[in-house]
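Working notes, beginning with the structure itself.
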Amino acid sequence: VGPPIFTADRLYDTTPPGVAMGLAWTSMGGAALYIESILENALSSNSHPGLERTGSLKSVMKESASVAYSFSKGLIARDFPKNRFFEHAKIHLHCPEGATPKDGPSAGITMATSLLSLALNRRLDPTIAMTGELTVTGKVLRIGGLREKTVAARRAGAKMVIFPADNLSDWLELPENIKEGIEGKPVSWYHEVFDLVFPNIDREASNKVW
Amino acid sequence: VGPPIFTADRLYDTTPPGVAMGLAWTSMGGAALYIESILENALSSNSHPGLERTGSLKSVMKESASVAYSFSKGLIARDFPKNRFFEHAKIHLHCPEGATPKDGPSAGITMATSLLSLALNRRLDPTIAMTGELTVTGKVLRIGGLREKTVAARRAGAKMVIFPADNLSDWLELPENIKEGIEGKPVSWYHEVFDLVFPNIDREASNKVW
Amino acid sequence: VGPPIFTADRLYDTTPPGVAMGLAWTSMGGAALYIESILENALSSNSHPGLERTGSLKSVMKESASVAYSFSKGLIARDFPKNRFFEHAKIHLHCPEGATPKDGPSAGITMATSLLSLALNRRLDPTIAMTGELTVTGKVLRIGGLREKTVAARRAGAKMVIFPADNLSDWLELPENIKEGIEGKPVSWYHEVFDLVFPNIDREASNKVW
């Protein structure tokens, strides 16, 4: 308690399935914002699904997690129909650091990525950072603070930043020294994020994960 | 984070089933207000129905979604008795942008249209925009800001604006240059909206959707 | 958005079963206050009963709806024992307009009438307006604003106003020009309302409605 302290620019060197690197924009500048999802219980045919959300999330960010959860369930049902993960998974989604209040919708694609990483049991590349509001149909909407977020992404060791195509003009206006070493990837729909974060996915194997 | 920015006048070029274009009236003028509904789970004979609502909706708009949901269930039960969609569908209705607080009853007919589009598995024409309070029996009631909403509809590429017949005098008083290229359709009951947004519906096929 | 506007003095020309015309008394004068009840689901032997209430109802009016619901269930069980409507009906009771906060107990008899109209599948005469607090045993209690309500009833096309017998002195003191063309009907118990709004009811047929 007291003012938020961003000590760890990069929380993870390698990430377990369920962890995705987002980017926050605060009055103190940008910061890496990790989203962590884990299974609360062992999966079984009679375990009940659900989503618990922690990390001092305020109302918009809580709703954003619900949107990401519904979207992710729909994506798996449609694209991986034999993957029954979400039918039985009680999931806990947490955003460190626990004492830092967080709000806003711009972690939407990060939360969906975290949930899908868990559902598909695939680790993410820890050098990919992302920011973007997600709608429940998978559209990716404009965010604020791309400059500060890009600075934070570099500091956290990111080599790729995924951002909304609606922010492309912001990206193009960024000084080259800020973008150096960072590949910018504008996206309009979540399926473009999916292809970047889960390349070469083996759909047969993913169907059988759970 | 910061004031809401309506950058994307038009969010969708083509829309999946479940997405309908409404119109909002804010202190900053009119804006396209999309309503998105998706299925949270694969439908099955033992899936439980329900409606989740997100998008920083305040109490009147939340109730408006409940009214639209009850009305839509009744319409399907009466007119498409073999369509069992609502008996098993867990639906998530979201209104982007997530950080913009929204209130008021005037998205009623848009929410019903979004839900029915999903239930009937029919895409909507993305150039149709609509505004109107809906009562639970299907009556369409007067709204405010038709002028600002019409301006927003044009900016978003709409070619038809559906509005309450109680607002017909407002429509007739609008300058021609604002209405240019827009067909205005006054309605008193939802069934008139239905005939405009779902023309030539194959009732046999719609009965069999789910 | 803006102050509530009561433009439509009369919402319905003919009313479906479940719609009853009440009368509200606000700081701006009287107004027609419709109560609409619909079935949320098709009735079946395993559908679960319930009452959902919307329309920006405050706590006293919400409780008033619960009283009307319990009373109506009791009336049907006693007088129409073979009518199983309330055992399986999931009902949605709504009071347009959705953005206008409403409170007070004086819509009690209107809410009971709306629910019974649905249970008996009988349309009401759209020229009958009513106001009166209802107790759970069927007693009709005094209300306020009979003068303003009578003015509103006329404006909405009513030809009969049902009011509590406790308000008879208020009625008698009203100037003749206000009451012109309106038949005043004082009632002490709900069964008197019933006989006025459901005349010549075929008890055998009503027993078999559901």
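The values are calculated or read from the model by the stated rules, or taken from the named source; none is laboratory data. Small disclaimer: the values here were computed from a predicted structure and weren't measured. Here Cβ is always computed from backbone atoms with ideal geometry, including for glycine, and neighbour counts include all displayed protein chains. Heavy atoms of the whole protein, side chains included, go into the accessibility calculation; ligands, DNA and RNA do not. Shrake-Rupley method; radii C 1.70, N 1.55, O 1.52, S 1.80 Å.
Listed values, structure above:
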{"item": "Only one of C:Ser44, C:Ser37 that is in a loop (DSSP other than H, G, I, E, B), within 14 Å of chain B (Cβ to nearest Cβ) and either open to solvent by 60 Å² or more (accessible area, probe 1.4 Å) or among the hydroxyl-bearing types (Ser, Thr, Tyr) (or both)", "result": "C:Ser44"}
{"item": "Any hit, the stretch B:55-76, residues being among the aromatic types (Phe, Trp, Tyr) and under 14 Å from the mean Cα position of the chain (by Cα)", "result": "yes"}
{"item": "Test: residue in the stretch A:63-78 that is part of a loop (DSSP other than H, G, I, E, B), more than 8 Å from every other protein chain (Cβ to nearest Cβ) and either in contact (Cβ under 8 Å) with a residue 60 or more places away in the chain or in contact with a helix residue (DSSP H, G or I) (Cβ under 6 Å, 6 or more places away or on another chain) (or both)", "result": "no"}
{"item": "Within the stretch B:135-185, tally of residues that are among the aromatic types (Phe, Trp, Tyr) and farther than 26 Å from C:Ser56 by Cα", "result": "1"}
{"item": "Total residues in the stretch C:47-62, condition over 20 Å from C:Thr135 (Cβ atoms) and either touching a residue at least 60 places away in the same chain (Cβ under 8 Å) or away from every other protein chain (no Cβ under 11 Å) (or both)", "result": "3"}
{"item": "When residues of the stretch A:1-34 are limited to those that are assigned to a loop (DSSP other than H, G, I, E, B) and of a type in the set (Val, Ile, Thr), the one modelled with the highest pLDDT", "result": "A:Thr15"}
{"item": "Boolean, C:Glu52 is open to solvent by 10 Å² or more (accessible area, probe 1.4 Å) and either among the β-branched types (Val, Ile, Thr) or in a strand (DSSP E or B) (or both)", "result": "yes"}
{"item": "Failed criterion for C:Ala119 (all others in (1) open to solvent by less than 10 Å² (accessible area, probe 1.4 Å); (2) small (Gly, Ala, Ser); (3) modelled with pLDDT under 95 hold)", "result": "(3)"}
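A quick yes/no check of all residues on (1) under 30 Å from C:Ala77 (Cβ atoms); (2) surrounded by fewer than 16 Cβ atoms within 10 Å (Cβ to Cβ):
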{"residue": "C:Arg123", "(1), (2)": "yes, yes"}
{"residue": "C:Pro126", "(1), (2)": "yes, no"}
{"residue": "C:Thr135", "(1), (2)": "yes, yes"}
{"residue": "C:Arg142", "(1), (2)": "yes, yes"}
{"residue": "C:Arg154", "(1), (2)": "no, no"}
{"residue": "C:Lys159", "(1), (2)": "no, yes"}
{"residue": "C:Asp170", "(1), (2)": "no, no"}
{"residue": "C:Pro175", "(1), (2)": "no, yes"}
{"residue": "C:Lys185", "(1), (2)": "yes, no"}
